[in-house]
1. Kindly provide the set of residues from segment 120-134 that are surrounded by 20 or more Cβ atoms within 10 Å (Cβ to Cβ) and not aliphatic (A, V, I, L, M), ordered by number.
2. Give me the residue from segment 190-212 that is of a type in the set (Lys, Arg) and modelled with pLDDT under 95 and, out of that set, nearest to Glu11 (Cα to Cα).
3. Within the group Tyr176, Tyr196, which residue is on the phi < 0 side of the Ramachandran plot, aromatic (Phe, Trp, Tyr) and in contact (Cβ under 8 Å) with a residue 40 or more places away in the chain?
4. From the set of residues in segment 30-61 that are buried (at least 18 other Cβ atoms within 10 Å of the Cβ) and among the small types (Gly, Ala, Ser), which is modelled with the highest pLDDT?
5. Surrounded by 17 or more Cβ atoms within 10 Å (Cβ to Cβ), within 14 Å of Ala5 (Cβ to Cβ) and small (Gly, Ala, Ser): does that describe Ala163?
6. Can you tell me which residue within segment 2-29, out of those that are at pLDDT 95 or above and in a loop (DSSP other than H, G, I, E, B), is nearest to Ala125 (Cα to Cα)?
7. Take segment 166-183 and flag every residue that is buried (at least 20 other Cβ atoms within 10 Å of the Cβ) and among the charged types (D, E, K, R).
8. On the given criteria, is Ile2 touching a strand residue (DSSP E or B) at 6+ places or on another chain (Cβ under 7 Å) and β-branched (Val, Ile, Thr)?
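The values are calculated or read from the model by the stated rules, or taken from the named source; none is laboratory data. From a predicted model like this one, the values you see are computed outputs, not experimental measurements. Ideal geometry is used to build each Cβ from the backbone, glycine not excepted, and the neighbour counts take in all protein chains shown.
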Amino acid sequence: MIKAAFFDAGETLVYRNPSLAAITIRHIKSRGIKRSGEEVRRALKASALLMAKTVKGAKLSDSLKWEEYMGYVSKALGIKSGFGGRELSERLKTGSSFRAYSDAVYALKHLRKKGIRTGVISNAASSLKGIIERTGLLKLLDYLIISEVVGIEKPDPAIFRLALKKAGVKPEEAVYTGDNYLADIEGAAGAGIRPYWLLRRTDNAQFRFEGGKINGSTIKIRNLKQLIKKITG
């Protein structure tokens, strides 16, 4: 019997609106730099993949990592000066552009009605709590496990075990949903929790999987309503 359901935050429960690409495009345009939207989107994806392979904490859990990420982006765009990576990083870190997915509200409410405890396990800065609160989701969550606060990052199974301890449940009594294969799926599985890989877009799978081999038994879902059907019937 499932007693607790844990989730990643970014691209699982909440998303940026305007998007990261839109914010970046607006930023470089304001600095007189001309690049097409497609060029920016490609640079963001390529930089995220490269960063995931070279920098611990691919979820960009602090401002330093945001600055490093934007360093990769500026290089990918061929911008040698005037990019303003620090300024853009600080703007992104505030999380003022985040919104809740409509199915996140539905899923969390449904789980609470079923008596299933809910929580977030995220590689993020401590400011995530304020972001979640502004989206209106905080009142629907029982636990908030943030890497910068607890000093552990996914995919380390220890951060998942901490969530289990807070909820007072066994691994087999919990599920975890996230969009990043390495951090979310392998991390949760390493702690004995059944993971669900959330792929909201079919073109997002490769971007959300940074090397290695995908387990053929991995359960994939396209939205959180599918998750509810699978765990509550």
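1. Within segment 120-134, Ser122, Asn123 qualify.
2. Arg200
3. Tyr176
4. The selected residue is Ala43.
5. yes
6. Ala9
7. Asp179, the sole residue that qualifies.
8. For Ile2, the condition - touching a strand residue (DSSP E or B) at 6+ places or on another chain (Cβ under 7 Å) and β-branched (Val, Ile, Thr) - is met.
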